[in-house]
Protein chains: 2
Amino acid sequence: MSEPAAEPSKSALKKAEKATRMAAQKAEKAAKQASVAVVGGKKTDDIIGITVTKAENFPLWYQEVVLKAEMIEYYTEISGFYILRPAAMYIWNVIRKWFQERIEDMGVEETNFPMFLSNKSLEREKAHVDGFAPELAWVTKCGDRDLEVPVAVRPTSEAVMYPYYAKWIRSHRDLPLRLNQWNSVVRWEAKQTTPFLRAREFMWQEGHTAHLTEELAGKEVLEILELYAGVYEQLLALPVVRGTKTENEKFAGGYYTTTVEGYIPSNGRGIQGATSHCLGQNFSKMFEITVEDPNKQGDHIHVWQNSWGLSTRVIGVMVMIHGDDKGLVLPPRIAKIQAILIPVGIVNKTAAEDKAKHAEKVEELRKTIKKTGVRVDTDTRDGYTPAWKFNDWELKGVPLRLEFGPKDAAKEVISYARRDTGEKGTIPLAEISTKIPQLLGTIQKAMYDKADKSFQEHRLKLTNWDEVVPALDGKNVVIIPHCLGMDCEDKVKDLTVSKNLEQPEGPDNQRAPSMGMKSLCIPFDQPDGLVKGETKCLNPECSAMAEKWCMFGRSY
Amino acid sequence: MSEPAAEPSKSALKKAEKATRMAAQKAEKAAKQASVAVVGGKKTDDIIGITVTKAENFPLWYQEVVLKAEMIEYYTEISGFYILRPAAMYIWNVIRKWFQERIEDMGVEETNFPMFLSNKSLEREKAHVDGFAPELAWVTKCGDRDLEVPVAVRPTSEAVMYPYYAKWIRSHRDLPLRLNQWNSVVRWEAKQTTPFLRAREFMWQEGHTAHLTEELAGKEVLEILELYAGVYEQLLALPVVRGTKTENEKFAGGYYTTTVEGYIPSNGRGIQGATSHCLGQNFSKMFEITVEDPNKQGDHIHVWQNSWGLSTRVIGVMVMIHGDDKGLVLPPRIAKIQAILIPVGIVNKTAAEDKAKHAEKVEELRKTIKKTGVRVDTDTRDGYTPAWKFNDWELKGVPLRLEFGPKDAAKEVISYARRDTGEKGTIPLAEISTKIPQLLGTIQKAMYDKADKSFQEHRLKLTNWDEVVPALDGKNVVIIPHCLGMDCEDKVKDLTVSKNLEQPEGPDNQRAPSMGMKSLCIPFDQPDGLVKGETKCLNPECSAMAEKWCMFGRSY
């Protein structure tokens, strides 16, 4: 406790704290031994805790967390689809609101295009469509009648939207045209699906904009990328590396792709966070989206286009990085319940009058805390022990547990336990209005710092090829000098297949455990030490000079 | 002008006002004669106004308004689908936010279920599914592979969601379960489609809840219906009649349906506004959603369920009722731009210095008005005359036009024109912070009152059968004593087919112009004069006694 002692002597306080802590530990232990509900109804039989540790079986641990924290339900009717439950939708809506406000300020407007696209539009942009063709879901029948022309469910909306951009953009006065939609798209992947990370239908936003010049388009690409980084860093307390995708990994049919890349410490894999693409003039040429050159009458300019998307994948990344063996750990900024207040120390033999008085005090505390803007709730469910409730809220990731019992009342304090570190302490009642919001701020920052430290430590700058595979096997991603050649990148992948991976493989690991590394991005923030024309590409089978430091890793 | 004159003499002011008004009228007239842009770029050729009056061809007028006000674009790739453009999405988002806040307060949580459903779930509830079967879109192929089991795109989500309600609801402690989702659904209708009113894909919210008792379910049905009425009355400035659907018209598979019903004065048709259904125990029996009776151990209760939905149809109803021959007329509460400030009186020969000074003053005014919370924008587009701008903003329905020129500056006033009535006047600059918000409130109320008066006058309580068809032909809906028999209702429809309808029929009128009347609802607010067991059903071919006053009409 760094809180200064208020009235009672320091030693008395310390003693009391110790007693409180020991009681809580005892309760927790009891709850672990039998983490079951203690009362009637069918629920009594349920083990609510996570049954496997994050270290022993990460994929299974992840499945249990998203299921038991009630974020996800498997849609058993059709494989590869998931139901997003309120615990997930709340987080998505916080992100949506945050992002929406900011793109509105940029002048992006909302639209909604149909979910189907016809073959006609699809045929326009071959490079783009080839990328999606194997995953298209085709509607061929309505009722019992065959459709004359089958229609596909959108896997993304470039081909749906751009014929109308050609119609709407008729003068440079119509630029920039900046539209965004919040929807879901369908990609009927053959690969193994994983909740949030890879699903056959997923929710996202897709922004599609058109600009007069490359410069204006490029400026927006980076502004949006910075918002995506903000979603990770500011809301989800997750570090990301900003960069550009290599030619091998860029968006099909685009000009260049910028990305924010994350890192999953448990298996050392990189994961693409969100991408902001400059499409260049590739699509505007296919869809004939032109304006008259404002500087040279009679000449026509193909507009410069961007598209950018952020999906519910972000939630999965957050769960994987912050979660622990007790379940979900939520950063306060995106938690629906930031603090859960649990009455303790009330037993069956407590007099009815005392019970009522205590309940009143708890409700009063809740109101005081709520007034400070903290999203607080009380758990006054009858028939569950405090220990059972502790476990339940820990599983659900609530950042701060507050306990209040007769002993706390006597000492005029509230006891707390941080979800992220388990740290316990007390706050004088007179100070809860300032200390609780502060503590939530501290938790948010600590969660970011912990994840950032881990990513920093596992992002190895290497200049010796022999260290690459051991680094990958040690759950690192690597930053190496690379020539950026497409064939070289394929070769690097082949050369980095390993047989030494320690990580046990569960059903969500669709690739071989020893998979080769892919390029994640060319970081904007380039380390020192690469001399153009002197530094060689690190791939021992490549004779080219290095162009950039490139981040590679085994990845999702 | 009811504004008190400020400094100059009354007569001087009046003179100035008259001059201003005449100038404006002259400008408007000029604009009408050539409602085209006056400058370079392709847009010069566009006629921006509506080319047909609401009275002479209502369906065509409607199409022009939603297209030219840029709410809708026809999705020409696949018929029956529409693109919702920012002007429509803004309104939908205002409604969404308003409704979402209120259901959140009620304890409804957000969810997102997959868009596809399997045959297995579909087969569970036959009465329900038979209603939708002919309109189901079937995905049978992915990429070039046939799906083993085809899946349908949801037409509504009862059959998607309720298998999971059976899983999640295991004790009465899990009740009420109240979930809502914002999504789009697909009903591949054979009927003629109309923007907003009937589309093969449409956006809506669908709430699905489960309760322990009929009483609790019933209470929620009405709370939600009242919110739907609020969307119409408070946001869209549209009156509705609250009531219950007859057996013929209730939701397929449900117990009873409550509804808010609107009225389109231009063709005298009724239109269903939004419906809140009590499903009773019909679905819980099919999907086996039960809890143990809290009052009688060992007994099981099938839960009581509701479902309720509000769609983008509301926008179409609003356009049809408030729009006029100049285009859209938006109620201030849902208008993205509530007031458009247009600099006037600046001509080519105005000195550059004066121009700059005036522009500065206009910007200052905008800031002052914005500070009051009014959504105000300025139209400082170069190369367009004020008259062209007036037409453009009238077409787009902006509730209040503000004009500011050197003459206004001299008099320290701002001139305004109301979109709903065309009324013009001036406001002293010193009073704009109070008067402009007031004026927007006045417009909102006046629009509601006008529509309410029209609905009141065309909702005829009839007790003489011979007056029914003439009333329908006179663009009224009727409230008549009815037995509520299903066959009788069919018969009433046959008997009220008419050959006298004056309304010209356009492409969006899918039924014969002389269609028979359907029951719209049994109004909650029952008129006097019906004596149970004495008053006969008004259908001359029915011998039964009347049960209720029932509202009938030709309808969408």
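The values are calculated or read from the model by the stated rules, or taken from the named source; none is laboratory data. This is a predicted model, so every value here is computed, not measured. Please note: Cβ atoms are built from the backbone with ideal geometry, for glycine as well, and neighbour counts cover all protein chains shown. Accessible surface areas use protein heavy atoms only, side chains included; no ligands, DNA or RNA. Shrake-Rupley method; radii C 1.70, N 1.55, O 1.52, S 1.80 Å.
Scanning the stretch B:103-116 for residues that are open to solvent by less than 20 Å² (accessible area, probe 1.4 Å) and more than 7 Å from chain A (Cβ to nearest Cβ), we see that the one that is nearest to B:THR209 (Cα to Cα) is B:VAL108. Answer yes or no: is there a residue in the stretch B:87-96 that is in contact with a Pro (Cβ under 8 Å, 6 or more places away or on another chain) and either surrounded by 19 or more Cβ atoms within 10 Å (Cβ to Cβ) or at the interface with another protein chain (Cβ under 9 Å from one of its Cβ atoms) (or both). Checked the stretch B:87-96: no residue is in contact with a Pro (Cβ under 8 Å, 6 or more places away or on another chain) and either surrounded by 19 or more Cβ atoms within 10 Å (Cβ to Cβ) or at the interface with another protein chain (Cβ under 9 Å from one of its Cβ atoms) (or both).
Considering every residue within the stretch A:204-213, establish whether at least one is assigned to a loop (DSSP other than H, G, I, E, B), open to solvent by 10 Å² or more (accessible area, probe 1.4 Å) and within 22 Å of A:ILE103 (Cβ to Cβ). Yes, the stretch A:204-213 has at least one match.
None of B:PHE113, B:PHE99, B:PHE132, B:PHE81 is among the hydrophobic types (A, V, I, L, M, F, W, C), over 25 Å from A:ARG85 (Cα atoms) and modelled with pLDDT of 95 or more except B:PHE81.
Would you confirm, using the coordinates I've provided, whether B:GLY270 is in contact (Cβ under 8 Å) with a residue 12 or more places away in the chain and more than 24 Å from the chain's Cα centre (by Cα)? Spelling it out, it is not the case that B:GLY270 is in contact (Cβ under 8 Å) with a residue 12 or more places away in the chain and more than 24 Å from the chain's Cα centre (by Cα). Within the stretch B:341-370, the residues that satisfy the criterion of being assigned to a helix (DSSP H, G or I) and open to solvent by less than 30 Å² (accessible area, probe 1.4 Å) are B:HIS358, B:VAL362, B:LEU365, B:ILE369.
For every residue, the table says whether it meets (1) at pLDDT 95 or above; (2) open to solvent by 60 Å² or more (accessible area, probe 1.4 Å); (3) hydroxyl-bearing (Ser, Thr, Tyr).
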residue: A:LYS450; (1), (2), (3): yes, yes, no
residue: A:GLN503; (1), (2), (3): no, no, no
residue: A:ASP508; (1), (2), (3): no, no, no
residue: A:GLY553; (1), (2), (3): yes, no, no
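Just one of the listed residues (A:GLY309, A:GLY373) is open to solvent by 40 Å² or more (accessible area, probe 1.4 Å), within 30 Å of A:VAL108 (Cβ to Cβ) and of a type in the set (Gly, Ala, Ser), and it is A:GLY373. Checking each residue of the stretch A:248-264 against the condition of being of a type outside the set (Asp, Glu), open to solvent by 40 Å² or more (accessible area, probe 1.4 Å), out of contact with any Leu (no Cβ under 8 Å at 6 or more places or on another chain) and not in a helix (DSSP H, G or I) gives at least one match. On the stretch given as the stretch B:265-286, residues that are open to solvent by less than 10 Å² (accessible area, probe 1.4 Å) and part of a loop (DSSP other than H, G, I, E, B) total 1. Scan (1) at the interface with chain B (Cβ under 10 Å from one of its Cβ atoms); (2) under 29 Å from the mean Cα position of the chain (by Cα); (3) open to solvent by less than 50 Å² (accessible area, probe 1.4 Å) for the single condition A:TRP138 breaks and write down its number. All conditions are met except number (2).
Residues in the stretch A:117-126 include none that are surrounded by fewer than 19 Cβ atoms within 10 Å (Cβ to Cβ), within 9 Å of chain B (Cβ to nearest Cβ) and closer than 30 Å to A:LYS336 by Cβ.
Restricting the stretch A:163-187 to residues that are at pLDDT 95 or above, more than 16 Å from A:GLN305 (Cβ to Cβ) and open to solvent by less than 20 Å² (accessible area, probe 1.4 Å), the residue that is farthest from the other protein chains (Cβ to nearest Cβ) is A:VAL185. One residue is enough: does the stretch B:469-481 have a residue meeting the conditions touching a Lys or Arg at 6+ places or on another chain (Cβ under 6 Å) and outside any helix (DSSP H, G or I)? Yes. Checked against (1) at pLDDT 50 or above; (2) assigned to a helix (DSSP H, G or I); (3) within 14 Å of chain B (Cβ to nearest Cβ); (4) surrounded by fewer than 19 Cβ atoms within 10 Å (Cβ to Cβ), A:MET22 passes all but condition (3). Residue check: B:GLU223 meets all listed conditions (1) acidic (Asp, Glu); (2) in a helix (DSSP H, G or I); (3) surrounded by 17 or more Cβ atoms within 10 Å (Cβ to Cβ) but one, namely (3). If you go through the stretch B:405-413 one residue at a time, do you hit one that is over 24 Å from A:HIS172 (Cβ atoms), crowded, with 23+ Cβ neighbours inside 10 Å and over 28 Å from the mean Cα position of the chain (by Cα)? Scanning the stretch B:405-413 turns up at least one residue that is over 24 Å from A:HIS172 (Cβ atoms), crowded, with 23+ Cβ neighbours inside 10 Å and over 28 Å from the mean Cα position of the chain (by Cα).
Selection of the stretch B:188-200 for residues being at the interface with chain A (Cβ under 10 Å from one of its Cβ atoms) and open to solvent by less than 20 Å² (accessible area, probe 1.4 Å) yields B:TRP188, B:ALA199. When the stretch B:383-404 is limited to residues that are in a strand (DSSP E or B) and open to solvent by 10 Å² or more (accessible area, probe 1.4 Å), the one that is nearest to B:LYS326 (Cα to Cα) turns out to be B:ARG401. All of B:ILE78, B:ILE50, B:ILE83 fail the test of being assigned to a loop (DSSP other than H, G, I, E, B), within 11 Å of chain A (Cβ to nearest Cβ) and aliphatic (A, V, I, L, M), apart from B:ILE78. Scanning the stretch B:53-75 for residues that are of a type in the set (Val, Ile, Thr), crowded, with 20+ Cβ neighbours inside 10 Å and more than 11 Å from chain A (Cβ to nearest Cβ) yields B:VAL65, B:VAL66.
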